[in-house]
Structures are given as structure tokens and as C-alpha cells.
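Enquirer: Handing you this structure, nothing more for now.
The values are calculated or read from the model by the stated rules, or taken from the named source; none is laboratory data. Quick caveat: nothing in here was measured; it's all calculated off a predicted structure. Cβ sites come from the backbone with ideal geometry, for glycine too, and all protein chains shown count toward neighbours.
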């Protein structure tokens, strides 16, 4: 007897196989389910207009889309960075322009009061005006954007300018970073001989007793580091520019990554530094967007004139009825105005670079959007054609399944 499912026998060299009705029904149902699945996928693609709706649709294509989306997200972040830089520079330029206007007024006063026709009373009155200019200049130089000072360099939490200047250089108190293990004392000392404000940082490399510990020193607030040293055994180390730190051991030794720092200031009114703030506006493309108060308002670093110093000199000369002293301020006031104008121009140059970079980012964003669309988006006309064909195939499967489902045993006796 033959198996009701499937059987075979040989007639000579020919293999004969019997296909049962059950096998036919299973094949038809399987084909119908596959057609339904393909039909549903095409319907989903029509609804979403996407060729790829899940990773399984096209693993290689989805991986490419994810990479392109990651690049697109980076462009959005770079664009946000540039928008922030643009806002910062716009406000900086506005404050510097206002400062330039104040210097023009101060020079007009100096020109008018340096003549022999001016009286002591008029000079005394104008001294009050100059003091008002100084107050306004101080407010501009201490301007903020958000919660950060515009002109304090990299020390954005430090008020950039004081109303009274330092007559000599100063070394601030030594401080320890939060989370340090060392619980002994650290004291700063020496005489600062640097030409600009600096922040020195000491970082412990190898912990242990003073005799065993090693360290590195940074003179730019931790951006760059010097060679590793091991001369802490005496307790006193020289950081540079005449600054010393003296360590006194406590109950806990030094540990790796313990950090200590000290601020050093030159004479003058400035409390910030000459550092610049920067962000990335492209892959590996840092952009320095700030103007330091050192460059704009002092005679340190890139600056030529201590603006608050010359304004106070002018005020003193007016108060003391000193026409020669007033006249001697004219040249410095002109240089101060040029100094402000130079930094306004620097703002403009930076803005131009941002404009070029933003245009490049817009073009790149459009290119990436096109690449993503080419991989991810569906050809709707093609999908509709395939959908219509699949619909016909599905109807045919339904029709075949309905016929085989209506078969009875009587159909086999015909």
C-alpha cells in the first residue's frame, strides 16, 4: 500500500512521486501567507514612503542611513555652536563699539581742556564727566553673556576688571581642587615676574610622600603640561615666573591626580587672562570666538594701552588743573581708540569666517539629506506597480485556497 501523504516507486529508472491533497493545501496556504506578508510590507512602504522601515528590510542600507544620520546630527551640533558664537560676537562687537564711543568723548574732553583758555572750574567739571565715562567703561568691560563674562578670557566666572588697579604684581593664594586626597597645607609665595596674568596648575602624577611623589606643571590653566618632576622632597617647588608653592604634609599623603592651582596677576586693573574660548565648528576644526579683556582694554599681551589707566590719568590731570598732563593723554587716547577698533575688526573677521562655515554646513546638510533619501526613500510609482501585481497574486491565492477548501471526498470519485 502507498502512504496517503506521499509515496514513490520505480518503473525502470523513472522515479514516480505522489503529491497528496494535504501537501497541495499546505503549499497553497504557505504561498498565500507569503503573498500577504509581501503585500503588507508594500502597503507599509506606501504609507511611510520609505524603502527601509526596519533594519531587516535592508541591513546594509540601514547601516549606511545610520551613519549618514550621525553625520547630519553632527552638522546640527556644529550649527548650534556657530549660532552661539555668532551671538557672543554680536554682543562683544556691540560692547566694544560703545567703549569706542566713550573713548571718543574722552578725547574730545582732553582736546578741549588742554588749551590755555580752559579754566580750573571747567576742568574740574569735566573731571566728573570723565569719572562717569570710567564707570560706564567699567560696566561695558564687565558685561556678561548669560552667566559668563565676555572679556575675562578663559576665566569666564571671574569679574574681568576692578575699579581700582594693582600698583604691583600679585600672587593669589594657593588652592586645592575638590576631591583631592592630600589634606596637608599648600602655600604660595615668591614675586611674580610674568608679563601677563596666568593660572599655574600643579598635577600630581605619582602619589606618595613628598619625597616620593612626582608632578607636572601647567602655566596656562591646564591646557598644556611640562615634564614630570620629582623635586618635592624639600616641600617647596618653583612653578615659573618667580612663583613658589610650599607643601606641608598632613595625615594623608599626596595621591595621583591631586590638583593645586594659583592665580598670578600683573599690575593694572585686569583680573582675567589672555585665553580665548573655542568650540568646534567642524570635524577637528576649533574656532576661537572670544575677545579677551587683556587684548581689548590693557597694555598686556596684544594690547598697547591700559585704557582704565589712561582715563584715570586724564581725570587726575583735570582735577589738578594740569593742561600739560591733559595734553599728554591725547596720544594714548588715540591709541586706545585704535586698539578698540582693531578688536571690533577682529569680531568682524570672526563673523565672516562663521558665515562661510555656516554656508558650508548648509550645503553639506542638503547633500546628506539627498544621500539619506537615495537610500531610504521609496520610489512610489515603482512601489505602486509592485503593490498592484502583489494584489493580483494575493487574490489568486485566495481563490485557489477557497477552491481547495471546498473539496470533499466525493470530488475524488468523479
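Enquirer: Determine if the stretch 155-178 includes at least one residue that is in a loop (DSSP other than H, G, I, E, B), in the same structural domain as residue 313 (by TED's automatic domain parsing), surrounded by 15 or more Cβ atoms within 10 Å (Cβ to Cβ) and in contact with a helix residue (DSSP H, G or I) (Cβ under 7 Å, 6 or more places away or on another chain).
Expert: yes
Enquirer: Name, by its number, the condition in (1) at pLDDT 70 or above; (2) over 30 Å from residue 71 (Cα atoms); (3) touching a helix residue (DSSP H, G or I) at 6+ places or on another chain (Cβ under 8 Å) that does not hold for residue 361.
Expert: (2)
Enquirer: Return the residues of the stretch 283-305 that are in contact (Cβ under 8 Å) with a residue 40 or more places away in the chain, in a loop (DSSP other than H, G, I, E, B) and touching a helix residue (DSSP H, G or I) at 6+ places or on another chain (Cβ under 6 Å); say none if nothing qualifies.
Expert: Selection gives 289, 291, 300, 301.
Enquirer: Could I ask something else about it? Can you go through 334, 359 and tell me which one is without any contact (Cβ under 8 Å) to a residue 12 or more places away in the chain and either assigned to a helix (DSSP H, G or I) or not assigned by TED's automatic domain parsing to the domain that holds residue 126 (or both)?
Expert: From the options 334, 359, the qualifying one is 359.
Enquirer: Given the conditions (1) in a helix (DSSP H, G or I); (2) without any contact (Cβ under 8 Å) to a residue 60 or more places away in the chain; (3) surrounded by 15 or more Cβ atoms within 10 Å (Cβ to Cβ), which single one is not true for residue 349?
Expert: Just one mismatch for residue 349, condition (3).
Enquirer: Report whether or not residue 194 is assigned to a loop (DSSP other than H, G, I, E, B) and under 14 Å from residue 273 (Cβ atoms). I'd like the intermediate steps shown before the answer.
Expert: Working: assigned to a loop (DSSP other than H, G, I, E, B): yes; under 14 Å from residue 273 (Cβ atoms): yes.
Criteria met by residue 194.
Enquirer: Any chance you could count how many residues in the stretch 215-234 are buried (at least 17 other Cβ atoms within 10 Å of the Cβ) and over 31 Å from the mean Cα position of the chain (by Cα)?
Expert: Count: 1.
Enquirer: Which of the strands (runs of 3 or more DSSP E) contained wholly in the stretch 214-265 include at least 3 residues that are farther than 28 Å from residue 195 by Cα and either in the same structural domain as residue 175 (by TED's automatic domain parsing) or modelled with pLDDT of 95 or more (or both)? Walk me through it before giving the result.
Expert: Details: elements: 214-218, 236-240, 243-248, 259-265.
Counting at least 3 such residues, we get no strands (runs of 3 or more DSSP E) at all.
Enquirer: For the stretch 134-154, how many residues are buried (at least 16 other Cβ atoms within 10 Å of the Cβ), within 26 Å of residue 107 (Cα to Cα) and out of contact with any helix residue (DSSP H, G or I) (no Cβ under 8 Å at 6 or more places or on another chain)?
Expert: Adding up the residues that qualify gives 1.
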